[in-house]
Amino acid sequence: MTVARAGSLAANVVAFTRLLRRRGLPAGPREASDALRALAAVDLLDRREVYLALRAVLVERREHFQEFDEAFRAFWGAPEDEETRPEVPPSDGAAPEGPAEAERVLREWLQAEGEEQAEGEESRETPGYSPAEVLTHKDFSTLSAEELDELTALIVHLARRVATRMSRRMRAVRRAHLLDVRRTVRRSLRRGGEIMELLRRRRRIQKTQVVLLCDVSGSMDLYSRFLVQFIYALQHAVSRVETFVFSTSLTRVTPALSDAELSRALDRVARTVPNWSGGTKIGYSLRQFLDQYGRRLLGERTVVIIISDGWDTGDVEVLEAAMRQLNRQSARVIWLNPLLGGAGYEPLCQGMRAALPHVDVFAPAHNLESLRRLERHLALPR
Amino acid sequence: MHPEIARIQTMLGGEGYIADREIATAIYLSMSLRKPLLIEGAAGVGKTEVAKVMARALGTDLIRLQCYEGLDATTALYEWNYQKQLLHIRLTESSDRSVEQREQEIFSESFLLRRPLLEAITRDSPPVLLVDEVDRADSEFEAFLLEVLSDFQVTIPEIGTIRARTTPYVVLTSNRTRELGDALRRRCLYLWIDYPSFEKELQIVLNKVPGINADLAAQVAAFLQMVRQAKLEKTPGIAETIDWGAALMALHRDHLDRETIEETLGVLFKSQEDARVVRTQWLDLWVRGLERLRAEARPWSQALVERVAAEGALRR
C-alpha cells in the first residue's frame with residue numbers, strides 16, 4: 001500500500017465514522033483508529049471482508065446493524081460484490097403514517113390543545129367522568145387549556161415522588177448478611193489467630209427494572225398526551241426504566257425520551273414512532289416486545305406497566321398468550337386503564353377480558369390521583 | 001480473503017466448528033488488534049464454543065469465568081487461602097516474630113488463590129480468557145471487569161500491583177438478559193451470531209453426528225429452519241439439533257416422519273408449553289413442509305427451504 005493511498009483511506013475512515021456518528025452510532029476517534037488498524041489487517045480488495053471488519057469494530061450492538069448497513073452502502077457501496085440483500089418488508093400490514101403526520105399529532109400534544117381532537121368511534125364510547133372540584137380528580141379528557149399547564153407541572157412532580165418512593169422501598173427488599181472471611185481472618189490476627197467475632201458484609205442492593213408499555217392508538221389519544229409526560233418524568237427519575245409505545249406495532253422510545261428537554265424528547269418520539277394514533281394490536285405489540293426485548297428486560301425483578309384501554313383490534317388469542325408469558329416472566333404486571341376511572345366501567349371489551357387473568361394489579365389512570373396511587377403497587381416482592 | 005482469516009476458518013473447521021466468514025473475521029481481528037471480542041446472540045448458537053475452539057486452535061489454555069448474579073471481585077480475581085493462613089498463624093504462634101511480621105507473611109503471594117482473572121494475566125503464554133454470560137453479572141462487576149480489561153493489571157492492597165505478563169485473548173459472551181454498558185461495549189469488538197442458515201446447520205449436523213446419512217441430516221436441518229420460524233418460548237439451538245440427530249441415530253431412523261418426530265419431541269422442546277403448542281399448532285404444518293421438500297431435487301438450499309416454509313404459511 002502506498003503512502004498516498006493510506007492517507008486517503010484514513011481520511012475516508014474518519015469521514016465514515018462521522019457519518020455513523022450522525023446516525024447515532026457511538027463511533028469516536030478511538031473507533032476510527034481501530035477501524036484503520038483493522039483495515040490494515042484485512043484484504044482491502046475483498047469488499048465483504050472490509051465490510052465485516054468495519055462492522056466488528058464500529059458497531060457495538062445488533063440494533064445498529066441496519067443503520068450501519070445503510071451508512072456503509074451510502075459511503076462505500078454495496079457490502080457484497082455479487083448479491084444484494086433483500087430489503088426487510090415492514091412487519092405489519094397497516095400502512096404506516098408519514099413522519100409529518102406523527103409530528104403534527106405530537107405538536108398538538110405539546111400545545112396541549114385538544115379541542116379539534118378527531119373523535120374516533122372508540123373515544124366516543126369513553127364512559128363519562130364524574131365531575132369533581134379539584135384538578136387532581138378531573139378526568140384528563142375534560143381539562144381546559146390553562147389547567148393543562150398546571151397539570152404538566154404536577155405530573156412531573158408526581159412522577160419524581162413515585163420514583164423516590166419506589167427506589168426506597170426496593171432497597172429494603174433484600175438484606176442477606178454474608179460472612180466476610182477476609183476481614184474475619186484479618187481481625188483474628190490481633191487475637192493471635194483466635195476467631196472471636198464473625199464479620200459480615202451486606203449483600204449488594206438489587207435494583208428493580210421497570211418496563212413501561214404505553215398504548216398510543218387512536219382510542220387512547222385523550223390520555224396518552226399526559227401519560228407520556230408522566231412516563232417522561234418517571235424515566236428521568238428512576239434509573240432503570242425502559243419505555244415502549246405501541247399501536248399496531250411496538251417502538252422503543254427510551255433513547256428518544258432520554259433527551260433532557262421535554263419538548264425535544266417528544267419531538268424525537270414523534271419521529272421514531274411510525275403509526276401514532278392508528279388502530280390497536282395489543283397482543284401483536286406485546287408479542288413483539290417479548291421476542292425482541294423479553295430476554296433482556298424481563299426477570300424476577302422486573303415490574304411491567306401496561307397503559308392501555310384494552311381496545312384490541314387484533315387476535316385475542318395472541319393477546320392472551322402474550323399476557324400469560326409476560327406474567328410468568330416478570331415479577332409483577334400492572335395494567336393501568338384510563339377507562340377504569342369512569343363510573344360503572346366494566347372491562348367488557350374482549351381484549352381486556354382476555355388480559356385480565358394475567359394482570360396482578362388493575363388500576364385506573366385517568367387522573368392525577370390515580371397516578372399517585374400507583375406507587376403503592378410498585379414495591380417488590382409480590 | 002485474507003490468508004490469515006482463511007487459515008482461522010480452516011483451523012476452526014478442523015476442530016469441528018463450522019465458522020462462517022463473519023465469525024472468522026471477528027476472531028482474526030480480535031487476535032490481531034488485541035481487543036476483547038464481545039459475542040452476542042440467542043442461547044444455543046455456539047457463542048461459548050468460539051472461545052473453546054479458539055484456545056484449541058491456538059494451542060493455549062482456556063480460562064473460563066462463568067458469570068452469575070452476585071459474582072464479585074473475590075470470586076473473579078483473587079482470594080486469600082484462609083485455611084492456610086490460619087494454619088500458619090497457629091504454627092508461628094510460639095515464634096518470637098511480631099504480629100506485623102506474621103501479618104506480612106500470611107499476606108504474601110504464596111497465600112494467594114488466583115481466580116480466573118488474575119490467573120489469566122499471570123500466565124507465561126497468553127491464554128484465552130472466556131468471560132461467559134457477562135450479562136448475568138451485576139453492573140458493578142461489569143465496571144470492575146472493564147477496569148481489568150483496560151489496564152491488564154490488578155492491585156492487591158497487601159501485595160501491590162500485579163501487571164500482566166502477557167495479555168490474554170479475551171472473549172465475552174452475552175445472552176442479553178441485561179443490557180451491557182456502553183463503556184464495555186466500546187472496549188470490545190462486536191460479533192452477533194445468528195441461528196445458522198440451512199447450509200451451515202447441515203454442515204454442523206454432518207460434522208457432529210457421527211454416521212448420519214446426508215439425507216436425514218438435510219431433513220433435520222430443514223426441519224429446524226421451519227421450527228425457528230415459530231414463536232416459541234425457547235427456540236431450539238444448535239446443541240438441540242445435534243442432540244436430536246444423535247437421538248434419531250440411536251433409534252435407527254433414516255428419515256423423518258410424524259411418528260418419529262413426535263417420539264423425539266422432548267429433545268428439541270424443553271418446555272411443557274412449547275411441546276403442547278408444537279403438537280397442537282405446528283407439527284402438521286412442519287410435516288407437510290417436509291413432504292413438500294422431499295419432492296424437490298437435492299441438494300436443498302436455504303432459499304428453497306424458506307420458499308417451502310412460506311408456501312405452507314408456516315409463519316404465523
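The values are calculated or read from the model by the stated rules, or taken from the named source; none is laboratory data. Here the structure is a predicted model, which means the values were calculated and not measured. Counting neighbours? That spans all protein chains shown, and the Cβs are built from the backbone with ideal geometry, glycine included.
Assorted remarks:
- Residue in segment B:264-285 that is in a helix (DSSP H, G or I), under 30 Å from B:VAL131 (Cα atoms) and not assigned by TED's automatic domain parsing to the domain that holds B:ASP132 present: yes
- Single unsatisfied condition, A:GLU300 versus (1) assigned to a loop (DSSP other than H, G, I, E, B); (2) within 14 Å of chain B (Cβ to nearest Cβ); (3) crowded, with 23+ Cβ neighbours inside 10 Å: (3)
- All positions within segment A:303-350 that are modelled with pLDDT under 80 and β-branched (Val, Ile, Thr): A:THR313
- Subset of segment B:77-115 (residues that are among the charged types (D, E, K, R), in a loop (DSSP other than H, G, I, E, B) and facing another protein chain (nearest Cβ under 10 Å)): B:GLU93
- Residues that are β-branched (Val, Ile, Thr) and crowded, with 18+ Cβ neighbours inside 10 Å within segment B:76-121 comprise B:ILE89, B:ILE106, B:ILE121, listed in sequence order.
- Filtered residues of segment A:47-64 (kept if farther than 23 Å from B:HIS2 by Cα and part of a helix (DSSP H, G or I)): A:ARG62, A:GLU63, A:HIS64
- Subset of segment B:267-293 [surrounded by 13 or more Cβ atoms within 10 Å (Cβ to Cβ) and without any contact (Cβ under 8 Å) to a residue 12 or more places away in the chain]: B:ALA275, B:GLU291
- When B:GLY211 is tested against the conditions (1) buried (at least 21 other Cβ atoms within 10 Å of the Cβ); (2) assigned to a loop (DSSP other than H, G, I, E, B); (3) small (Gly, Ala, Ser), the lone failure is (1).
- B:TYR17 vs. criteria aromatic (Phe, Trp, Tyr) and in a helix (DSSP H, G or I): no
- Test: residue in segment B:32-40 that is more than 8 Å from every other protein chain (Cβ to nearest Cβ), more than 21 Å from B:MET1 (Cα to Cα), surrounded by 22 or more Cβ atoms within 10 Å (Cβ to Cβ) and among the aliphatic types (A, V, I, L, M): yes
- Members of segment A:165-218 found to be assigned by TED's automatic domain parsing to the domain that holds A:VAL253, at pLDDT 75 or above and out of contact with any Ser or Thr (no Cβ under 9 Å at 6 or more places or on another chain), listed by number: none
- Subset of segment B:41-66 [within 14 Å of chain A (Cβ to nearest Cβ) and buried (at least 19 other Cβ atoms within 10 Å of the Cβ)]: B:GLY41, B:VAL45, B:LYS47, B:VAL50
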